Structure formats: structure tokens, C-alpha cells
Amino acid sequence: MPTKSFQIKICGLTRAHDALWAVGAGAEAIGLNFYNRSPRYIWPEDARQVIQLLPPEVVKVGVFVNAEAEEICQLFDSLGLDWIQLHGDEPPGLLRKLGDRPVIRAFRLGPEGLAPVVEYLEQCGHVGRMPEWVLLDGYSPDQYGGTGRSPQWDLCQEYRGMKGLPPLVLAGGLTPSNVGDAIRSVRPIAVDTASGVEVSPGRKDPSLVAAFIQAAREAFQRISELSG
């Protein structure tokens, strides 16, 4: 299954008009959270209504936490999602059960640093199914993302320097004021924010969304010019 690339993702959208604001401001991808213990949870039927309003080129990412493969595949197929984002404790074997559906595997960088990430990806290699992209997020012992905490950027840079690993999506604590520096420092393939553009969990601030996208786009463009 072909993957649809993106650079800027606004995650945890729960309302159609927030999604339309984000897309209108230039977001290339939106994240819909199907973890029912999250304050950003969206019911599948509400997600369907959001998706139906979006232009077809917008990348739609379903966020899952410790869901069964059957449920993930059913929602992916029925809603017409483009990516699966696994944000829990899913074992490498679950990726194989997802077939060729594109996967972003999220990791919370904790006290052990990159070691658990590298070990997990080695296990993925053993079972014959690597995630297409890896997302590095801030760590909280009792939350699966959306904490507003940043991962250590030096560890993210170290990950990028490792050969043979999936491309890096940077998340965790990204806001309009720091996303440009984060992109220039880490040089990820994409950035992802939820709490950094909110007035409350699941409720986006249009001005923050627009400022985030503008800052991210300018930073990605600058890197492209320097590398070109």
C-alpha cells in the first residue's frame, strides 16, 4: 500500500471546524485519536463526518493505544485512513497483523533513552515488519502522549544519525514558538503537535494552529534550501 507523505500534522482533532481550520492554514495531515481514555478521543462516526469534509489530499492518521489488530484494521479500512499511529505498548508482532497498512510507531523517550527504541526496532526486523516511520515523543509514566512534554532533542538527533532506521517524526511539547528551532536542530521528516495549539484538550486555537504551521513551514523550507 503506498504511503502518503507529510511534514506538518495537527493531532487530537475532535471537531470538524477545527480540522477545517487546520487544513485551511496549511496542515498536510490530521490526527484522529481512537483511544477512548484520552481527552482527545473521537467517536468513529464523528471521525467519519470530519473525514468526509476534508479535501482528498489531506493525510488522515488514526491514533491507537493498545487496540487489537482487528479493530485497527477495521477502522483504517472503513474510514479510509492513510496511516496508523501506534502510541501504546503494542508488540512488534502486532505490526505484522496490520498487513501493508502504513504505520507510525510512537515512542516516549524516558530515562532509558534510545535503547528501548533500538531494541524494539531490532525485534521488528526479526518478525519481518518495520514501521514506515518512527515518532519520538516526551515521556510521562501514566500518559500515552499529549502531555506537552518534549523529548530530549539531542537524543532525537542521535536517532537520526543511526543508519537503517525509519524516518523520524518529532512530537512532544512543540508550539509555535519552538517548532522552528526543533526542526532546524533535529531535522525530522515531519512534526506533530496536539497540546501545543490547544485552548483545552481537543479544542484547537485557530491562531496557534496557523502560527505553528507557518513557523514549521518556514523552517522546513530553510532546510530544503540549505540542503539543495
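General observations
- Any chance R108 is buried (at least 20 other Cβ atoms within 10 Å of the Cβ) and within 25 Å of L165 (Cβ to Cβ): yes
- Within the stretch 145-198, tally of residues that are of a type in the set (D, E, K, R), within 22 Å of V59 (Cα to Cα) and not in a strand (DSSP E or B): 1
- Listed by position, the strands (runs of 3 or more DSSP E) inside the stretch 4-116 whose residues that are in contact (Cβ under 8 Å) with a residue 12 or more places away in the chain and touching a His at 6+ places or on another chain (Cβ under 6 Å) number at least 3 form an empty set.
- I72 vs. criteria buried (at least 21 other Cβ atoms within 10 Å of the Cβ) and of a type in the set (V, I, T): yes
- Counted residues, the stretch 134-162 - those being buried (at least 21 other Cβ atoms within 10 Å of the Cβ), among the polar types (S, T, N, Q) and at pLDDT 85 or above: 0
- Residue match in the stretch 113-132 (condition: among the small types (G, A, S), touching a Leu at 6+ places or on another chain (Cβ under 9 Å) and either under 18 Å from I189 (Cα atoms) or surrounded by 13 or more Cβ atoms within 10 Å (Cβ to Cβ) (or both)): yes
- Tally of residues being part of a helix (DSSP H, G or I), among the polar types (S, T, N, Q) and at pLDDT 90 or above across the stretch 199-228: 4
- Test: residue in the stretch 31-50 that is of a type in the set (V, I, T), at pLDDT 95 or above, surrounded by 19 or more Cβ atoms within 10 Å (Cβ to Cβ) and more than 22 Å from R217 (Cβ to Cβ): yes
The values are calculated or read from the model by the stated rules, or taken from the named source; none is laboratory data. A quick note: this is a predicted structure, and the numbers were derived from the prediction, not measured. In this analysis, Cβ positions are derived from the backbone assuming ideal geometry, glycine residues included, and neighbour counts consider all displayed protein chains.
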